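This report concerns only the one structure given below.
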Amino acid sequence: LDKMLVDDIGDVLITNDGATILSQLEVEHPAARVLVDLAQLQDSEVGDGTTSVVIVAAELLRRANDLVRTGSIHPTTIISGYRTALKAAVSFLKREMVLNVDTLSDDHLTNAAKTAMSSKILGKESDFFARMA
């Protein structure tokens with residue numbers, strides 16, 4: 001869905017891109033600024049997925065904030081827990097989700113290439129570029 005943004009002087013911007021929307025906001029809150037910066041980093045590194053990244057990060061922040069407000073866990077303990085979870089997730093992915101490319105068929109490789117290239121940048125042309133890969 002497209003969104004229409006109108007700034008202070010009446011200029012109109014219509015977009016469905018999360019990174020574009022966030023870049024137009026005047027954000028002052030430190031946690032919100034982190035989310036905007038995260039979206040911009042995701043957009044520059046990957047070119048897509050900014051909304052998903054912001055939603056996941058915002059939920060992690062919300063849950064951490066709930067724990068801090070109840071006084072049950074100190075913020076440094078939460079950060080340590082997130083770092084431990086990151087290490088466990090990366091370890092799991094390396095151990096369980098990595099396949100040797102030599103064991104895959106051409107169809108599997110083409111589908112993997114299509115998935116990797118099916119961003120907003122290539123969109124409908126992912127079939128063409130996947131066959132090139």
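The values are calculated or read from the model by the stated rules, or taken from the named source; none is laboratory data. Please read these numbers as outputs of a predicted model, since none were measured by experiment. Cβ: placed from backbone, ideal geometry, glycine included. Neighbour counts: every protein chain shown. Areas reflect the complete protein model, heavy atoms only, side chains present, ligands, DNA and RNA absent. Shrake-Rupley method; radii C 1.70, N 1.55, O 1.52, S 1.80 Å.
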With +1 on each Lys and Arg Cβ and -1 on each Asp and Glu Cβ, and nothing else charged, work out how big the dipole of the chain is about its Cα centre, in Debye to the nearest 20.
740 debye
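How much accessible area per residue does the chain have, in Å², with a 1.4 Å probe?
Working: 10380 Å² over 133 residues.
Roughly 78 Å² per residue, with all protein chains present.
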Once label points are set 7 Å from the Cα along Cα→Cβ at both Ala85 and Thr51, what is their separation, rounded to one decimal in nm?
2.3 nm
Label corresponding to semi-axes √(5λ) of the Cα gyration tensor in Å when calculated from the structure given, among [x] 33, 28, 9; [y] 22, 18, 14; [z] 49, 36, 17
[x]
Of Leu22, Val53, Ile73, which is farthest on the positive side of the dipole of region 1-97, counting Cα position, with +1 on Lys and Arg Cβ, -1 on Asp and Glu Cβ, and the Cα centre as origin?
Ile73
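Carbon-plus-sulfur fraction of the accessible area of region 21-107, 1.4 Å probe, in percent? Intermediate values should be presented prior to the final figure.
Values: 4070 of 6780 Å².
C and S atoms contribute 60 percent here.
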Net charge near Val27, counting Lys/Arg +1 and Asp/Glu -1 over other residues with Cβ under 12 Å of its Cβ?
-2
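If r is the Cβ-Cβ distance from Arg62 to Asp8 and R0 is 35 Å, what FRET efficiency results, to the nearest 0.05?
Working: r = 29 Å, r/R0 = 0.84.
Here the calculated transfer efficiency is 0.75.
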